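Working notes, beginning with the structure itself.
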Amino acid sequence: MGRGGIKEEESGKKRRTWRWPLATLVVVFLAVAVSSRTNSNVGFFFSDRNSCSCSLQGTGKYKGMVEDCCCDYETVDNLNSEVLNPLLQDLVTTPFFRYYKVKLWCDCPFWPDDGMCRLRDCSVCECPENEFPEPFKKPFVPGLPSDDLMCQEGKPQGAVDRTIDNRAFRGWVETKNPWTHDDDTDSGEMTYVNLQLNPERYTGYTGPSARRIWDSIYSENCPKYSSGETCPEKKVLYKLISGLHSSISMHIAAHYLLDESSNQWGQNIELMYDRILRHPDRVRNMYFTYLFVLRAVTKATAYLEQAEYDTGNHAEDLKTQSLIKQLLYSPKLQTACPVPFDEAKLWQGQSGPELKQQIQKQFRNISALMDCVGCEKCRLWGKLQVQGLGTALKILFSVGNQDIGDHHTLQLQRNEVIALVNLLNRLSESVKMVHDMGSDVERLMEDQIAKVSAKPGRLRRIWDLAVSFW
């Protein structure tokens, strides 16, 4: 994949065409920023994701069936809050799902590295050996020297486990995934990361470098479609990427550094509203992505039930197996939403195989772009979640369209299962946040916008600032 995409002259024309409507939006959100007492990064309001001009219908009211899925919003919210989210929250803290193998340092295949984010919350750092269970206290995997990392000294959220124990990771095959660019077989450059000590949250990674990643994903790899598009496969890829993007933004807004001087963390509701909640299509795509990944997990039931979850800690391993079975065989899930997404309707017709290869190539490019992320912690979670989504695509589309009755039909790497379950948990948390606080945030922000709009003098000044900006 090159960096071609949209030519400079076309970009200029597009900017002129959209200048005034976009300026109007800037006025509204500058007004919110001016009137709010919340300490937030106003720069976020100018990081809109408009590379994909997909036209989606929506009223902002999440009722009825989730588009292209087999469950309605109310059922999804109830299942998620009462059953799935509590199970997933417990599951990702178990030793098996806590450690993720990742190659954190490698060259970007598309453009020269423009430097790493140097804020302390960008880095992923090693943990002292005494913080981990005995089975994981084995020789270090070669990694970066300590002086290459800007560690958060004394802060557990910045620590990493880079140790390997053969008993913890046995019984899993090394197999390629046609949907992803990952190379988990190159163990010499891999390291194990404790995800619980490196949470997904705001890191300060913004600006041109961060925008270039998403611009490249959307403009060069996201199939754009109009409201009349009849090809469901093109819609699926865009909606999956949009849903993942929205979920990531949701976690950044929910775990935001409000005041660096006092290390005060909290919710940035302005960012949450601007990035996700004021865009009904993004919320819908997030629900879609959640159900898509959930369908992959339920389709792989036979495989996941019989897989080895051995870390050397017998009690914890039994707990992991029990939680997996509770997730896979939840009576409420099987009754209310037995088939969250129907994958059998895709790749039909003579062009099906060719179209699948095209979309596989696009997703592999997206996977490879994760090596271009200029923030270590962002790269960690980007790689994990894209691999999780690639694993879902592999389960649903690379082993036929029939339910997997024989677990030997499907082969997964241990890392793929870890990525899949952690991605499902991330999406589950995002859906729960929308359900629990979305309406209140929307009402609060809309009230603030209305109050500011009622003051013509202030609005005029903000309008002049917006015009000068554009």
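Numbers below:
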| read-out | value |
| --- | --- |
| Filter pass, Leu328 being among the aliphatic types (A, V, I, L, M) and more than 20 Å from Val76 (Cβ to Cβ) | no |
| Sole exception among (1) open to solvent by 30 Å² or more (accessible area, probe 1.4 Å); (2) within 21 Å of Asn425 (Cα to Cα); (3) touching a residue at least 12 places away in the same chain (Cβ under 8 Å) for Lys356, by number | (2) |
| Pairs where the first residue, in region 194-205, is under 19 Å from Ser430 (Cβ atoms) and the second is among the aromatic types (Phe, Trp, Tyr), C-beta under 6 Å, 6+ apart | Leu195/Tyr100; Glu200/Trp381; Tyr202/Tyr256 |
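The values are calculated or read from the model by the stated rules, or taken from the named source; none is laboratory data. Since we're looking at a predicted model, the values are computed, not measured. Cβ: placed from backbone, ideal geometry, glycine included. Neighbour counts: every protein chain shown. These area figures cover heavy atoms from the full protein model, side chains too; ligands, DNA and RNA do not enter into them. Shrake-Rupley method; radii C 1.70, N 1.55, O 1.52, S 1.80 Å.
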